[in-house]
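Shown next, in structure tokens, is the structure this report addresses.
Read the figures in this text as sums done on the coordinates, not as results from a lab. All figures in this text were calculated on a predicted structure; none of them were measured in a lab. In this analysis, Cβ positions are derived from the backbone assuming ideal geometry, glycine residues included, and neighbour counts consider all displayed protein chains.
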Amino acid sequence: MKFFLDTANIEEITRINALGLVDGVTTNPSIISKEGRPFEEVIKEICNVVEGPVSPEVIGLQAEEMINEARVISQWAPNVVIKIPMTEEGLKAVHTLSKENIKTNVTLIFSVAQGLMAAKAGATFISPFLGRLDDIGIDGIEMIKRLKQVFDHYGLKSEIISASIRHLGHVEAAAEAGSHIATIPGSLFPKLWGHPLTDKGIQGFLKDWESFNKTLEGEN
Ligand code: E4P
């Protein structure tokens, strides 16, 4: 399974990238706004650090506007993948951009039908938001499982990015469901590699080692 980082914070990206865990980065206008720096500057910096796909999102709502933005942004770095919202205009933009070999990530997907439409239009990636579905009492993981089943059944090429991940359980369940990718907030990553029993175990081992050495010193 591939891990993308769902952040535009360069310190977070650099720290986790150093562990070999970052296969790509996803952003959206809310994520970019938190950085308080120009959009282009932030995206170019991320693309310099991360080799894999980096997704900046378009702002326009009309296909023509999205296509124009995508053509400009795709020149910023070779690994840019343009995020396009899941609307009729978005699908039109994705279809045109796929014919120009501009890669896309269709975002704000909340149903299997939307995922299928995006894949059919030519999306490189689709981003189903499982956390936001859970927030309204609908099982987000169930959507991921069904999407994976349908994509496998028809041999669709688009990769599924489980997005809007809220906790460790989401990552594990997305992996079990066979999601190609999970895009994970930087703040959640340490909870993936850490465990309180690991920390407790290390402390216990060190304590026993110290006592053992003190015993040896006492004997000499
Ligand atoms: C995905 O690409 C989105 O940026 C992200 O996962 C949205 O998550 P949220 O629901 O926590 O805002």
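Below is a table of values for the structure above.
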{"quantity": "Derived scalar couplings ³J(HN,Hα) [the stretch 146-156; Karplus, 6.51 cos²θ - 1.76 cosθ + 1.60; whole Hz; x for Gly, Pro]", "calculated": "5, 4, 4, 4, 5, 4, 5, 4, 9, x, 6"}
{"quantity": "Mean-position separation - Cα centroids, the stretch 25-90 and the stretch 182-220, in angstrom", "calculated": "41 Å"}
{"quantity": "Ranked Val94, Val49, criterion: other C-beta atoms within 10 Å, fewest first", "calculated": "Val49, Val94"}
{"quantity": "Fewest-first sequence of Val80, Val22 by Cβ atoms within 10 Å of each Cβ", "calculated": "Val80, Val22"}
{"quantity": "Filtered GluC sites (Glu not before Pro), the stretch 135-208: DSSP coil and at most 12 other beta carbons within 10 Å", "calculated": "none"}
{"quantity": "Glu176-Lys214 FRET efficiency (beta carbon distance; Förster radius 45 Å; 0.05 resolution)", "calculated": "0.45"}
{"quantity": "Kirkwood Rh in Å, taken over the chain so that all alpha-carbon pairs contribute", "calculated": "18.7 Å"}
{"quantity": "Modelled FRET efficiency - R0 35 Å, Glu40 with Leu197, Cβ distances, 0.05 increments", "calculated": "0.20"}
{"quantity": "Listed residues Asn79, Asn68, Asn48, most fluctuating in the chain (Gaussian network, C-alpha, under 10 Å)", "calculated": "Asn48"}
{"quantity": "Relative contact order (%) - the chain, alpha-carbon pairs under 8 angstrom, separation at least six", "calculated": "17 percent"}
{"quantity": "DSSP-loop trypsin sites (Lys or Arg not before Pro) across the stretch 80-183, with at most 11 other Cβ within 10 angstrom", "calculated": "Lys157"}
{"quantity": "Folded to 0 to 90 degrees: helix 63-73 orientation relative to the chain principal axis, Cα", "calculated": "50 degrees"}
{"quantity": "Potential extension, Ile59-Lys2 segment - 0.36 nm per residue separation minus Cα distance", "calculated": "17.8 nm"}
{"quantity": "In sequence order, calculated HN-Hα J values of the stretch 162-176 (Karplus, 6.51, -1.76, 1.60; Hz; x Gly/Pro)", "calculated": "5, 10, 6, 7, 10, 7, 3, x, 5, 5, 5, 5, 5, 5, 4"}
{"quantity": "Loop GluC sites (Glu not before Pro), the stretch 78-124 (other Cβ atoms within 10 Å of the site Cβ: 11 or fewer; DSSP)", "calculated": "Glu100"}
{"quantity": "Amide H within-cut-off set for Ile109, under 5 Å, with H built and near neighbours excluded", "calculated": "Ser127, Phe129"}
{"quantity": "5 angstrom amide H check on Val25, placed H, neighbours 5+ away", "calculated": "Leu5, Val54, Ser55"}
{"quantity": "The stretch 8-70 - Kirkwood radius from inverse mean 1/r over Cα pairs (Å)", "calculated": "12.5 Å"}
{"quantity": "Calculated [θ] (222 nm, deg cm²/dmol) that DSSP helices of n ≥ 4 give over the chain, each run adding -39,500 (n - 2.57)", "calculated": "-16000 deg cm²/dmol"}
{"quantity": "Convex hull volume per residue in cubic angstrom - Cα atoms of the stretch 136-220", "calculated": "138 Å³"}
{"quantity": "Count of lysine pairs in the stretch 1-134 with Cα separation under 17 Å (8 or more residues apart, or interchain)", "calculated": "11"}
{"quantity": "Karplus-derived 3J(HN,Hα), 6.51/-1.76/1.60, for each residue of the stretch 25-36, Hz, glycine and proline x", "calculated": "9, 10, 9, 8, x, 5, 5, 5, 4, 5, 7, x"}
{"quantity": "Length released on extending from Leu206 to Gln149, taking residue separation times 0.36 nm less the Cα-Cα span", "calculated": "15.8 nm"}
